[in-house]
Every structure is written in structure tokens, then in C-alpha cells.
1. List the helices (runs of 4 or more DSSP H) that sit entirely inside segment A:21-137 and contain at least 2 residues that are within 14 Å of another protein chain (Cβ to nearest Cβ) and surrounded by fewer than 17 Cβ atoms within 10 Å (Cβ to Cβ).
2. Considering only segment A:45-52, I want to know if a residue exists there that is free of Cβ contacts under 8 Å to residues at least 12 places away in the same chain, of a type outside the set (S, T, N, Q) and under 20 Å from B:LYS19 (Cβ atoms).
3. Within segment B:25-114, considering only helices (runs of 4 or more DSSP H) that don't extend past its boundaries, which have at least 3 residues that are out of contact with any Asp or Glu (no Cβ under 6 Å at 6 or more places or on another chain) and more than 10 Å from chain A (Cβ to nearest Cβ)?
Amino acid sequence: MATERTDHKGEIVLSIPSQDKYIYLLDLVVSYASREMDFDEETAEQVNLAIIEAGTNAIRHGNKNDPEKTAQFRFQIAQDKLTVFVKDCGPGFNPEDVGDPLSPENFMKPSGRGIFLMKALMDEVEYRIDKGSGTEVRLVKYKDSGC
Amino acid sequence: MRVDAKSKDNGAVLHLSGKIIGDSVPQFKQTIEDRLDAGAEWLILDLAEVPLMDSSALGTIVATFLKLQDKNGRLALLNAQKSILDVLAITKLDSLFEVYNDMQVALRAVNPEI
């Protein structure tokens with residue numbers, strides 16, 4: 001069951017089953033968070049895609065599209081930045097093992113651009129992997145970062 | 001995501017609308033595969049109404065480019081929005097794909113016989 005609740009002013013928590021159709025719900029919540037941040041259109045689009053990439057990774061790669069597992073999102077809306085935590089229940093992985101999609105050997109591959117895009121579109125991307133309880137990625141976009 | 005496909009000679013123009021994310025991506029992929037299986041030698045993806053596509057949708061376009069290239073076919077992207085163009089630039093895929101803003105120019109590019 002997908003739930004959305006506001007714990008307190010400036011934070012939104014979302015928990016969704018690991019099915020691709022719920023990415024559209026995530027998209028709505030990201031759009032709402034961007035409006036709350038009063039991001040300009042270009043920044044909102046960057047944040048939109050980056051969080052969708054993170055959410056899709058959590059659902060598909062972390063939770064293997066298991067509808068019994070949830071992907072969890074926490075949006076912290078502050079005066080100067082939006083911080084989003086994305087968590088899955090998967091076994092974890094090493095982000096450093098994901099190849100550079102711009103390298104000649106990877107450029108023509110149909111996959112492998114998600115993390116690269118997250119890092120290009122957000123100001124901060126940090127992974128925390130706990131092999132016992134999954135992967136959490138923290139993404140930050142500063143307001144008026146000029147990126 | 002909605003698709004309006006129009007066959008033309010030995011190819012097809014796919015007018016797409018909506019975000020290509022989540023469970024729209026398999027639909028997007030299948031739509032293209034159906035056209036390729038039917039013998040399309042060129043494809044134009046009209047992205048005028050696509051504000052966002054995720055990396056797996058991009059990957060589908062890369063795979064489509066390669067499949068068409070294997071049979072000397074062509075792929076063109078038409079009317080991509082700035083948000084899509086920015087992502088193509090970041091991923092350097094703008095160096096791979098043909099991107100047009102005019103349908104007639106795109107048609108002549110993918111099929112000079114038109």
C-alpha cells in the first residue's frame with residue numbers, strides 16, 4: 001500500500017511497493033517537493049529525473065521488483081536545500097563497481113546511466129550501504145546552486 | 001505514456017506523449033520492437049510531448065539505434081524538449097543520435113527516397 005504523510009512542516013515521507021507503476025506516484029511527490037522549494041523549471045526537472053533514477057534503482061535493482069518489499073523516500077524541505085533519502089531492502093552494492101557510461105566500452109550499452117545522471121543532476125549524492133538492511137542514498141539539491 | 005504510430009513507406013514515425021518512466025518503459029520498448037519486427041528500416045521518435053524520460057528509456061533508444069544500424073537503417077529524434085536535450089548532452093548521446101526540429105528534414109534524413 002502506498003502511503004504519503006507529512007511528519008512535520010518541511011518533511012514528506014513516502015513508502016511504495018517495489019513495482020514500476022508506483023514510479024508515477026514518486027514523480028508526483030517529487031514535483032510537489034520541487035514546488036515547495038520554489039525551484040525554477042530547469043532545477044525542478046533535474047531533481048525530478050535524479051530522484052526517479054534513484055527510486056527506479058531502489059525498486060528494480062535493490063528490491064528486485066518484489067511487491068512485498070517497499071522503497072522508502074524521505075524529502076526534507078529546508079530553506080536552502082532539498083534533501084532526499086531513498087532506501088531499499090536489497091543486499092547492497094558498491095557504487096564504484098558501476099562503470100563510467102561515457103567510457104568507450106560502456107557508451108553503447110543500454111544500461112548503466114542512472115547513477116551517473118543522479119550525480120550530474122544533483123549537488124550531492126552519497127551512498128550508505130548496510131548489507132543487513134539495504135542501501136540508502138542521500139541526494140541534495142541546493143537552491144540557486146547555479147548547476 | 002501514449003503512442004501514436006504512423007507507418008510510412010519502409011519506416012514509422014512514433015508520436016510519443018507523457019513521461020517515459022516506470023512501467024511506461026517496457027511499453028515504449030515493445031512498441032519499437034514491434035515496428036522493427038515488422039521490418040521498419042527507419043524510425044522517427046517525435047518527442048515534442050515527452051517532458052522526461054529515464055535512463056532505461058534512453059537505453060532503449062541506444063539499443064534501437066544499434067539494431068537499425070545493423071541493417072543500415074536510421075533513427076532520428078524529433079522536437080526533443082530542452083530537458084531531454086540536456087540529458088542527451090550530459091550522457092554525450094547527442095553525439096550519437098540525429099536530432100531534428102523539422103519533420104520533413106527528419107524524414108529526408110532517415111529515408112532519402114522520400
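Just so you know, all these numbers are worked out from the coordinates, no wet-lab data involved. From a predicted model like this one, the values you see are computed outputs, not experimental measurements. Counting neighbours? That spans all protein chains shown, and the Cβs are built from the backbone with ideal geometry, glycine included.
1. On the way: elements: A:23-37, A:41-57, A:114-121.
By residue number, A:23-37, A:41-57.
2. For segment A:45-52, residues free of Cβ contacts under 8 Å to residues at least 12 places away in the same chain, of a type outside the set (S, T, N, Q) and under 20 Å from B:LYS19 (Cβ atoms): present.
3. Those helices (runs of 4 or more DSSP H) span B:55-70, B:103-110.
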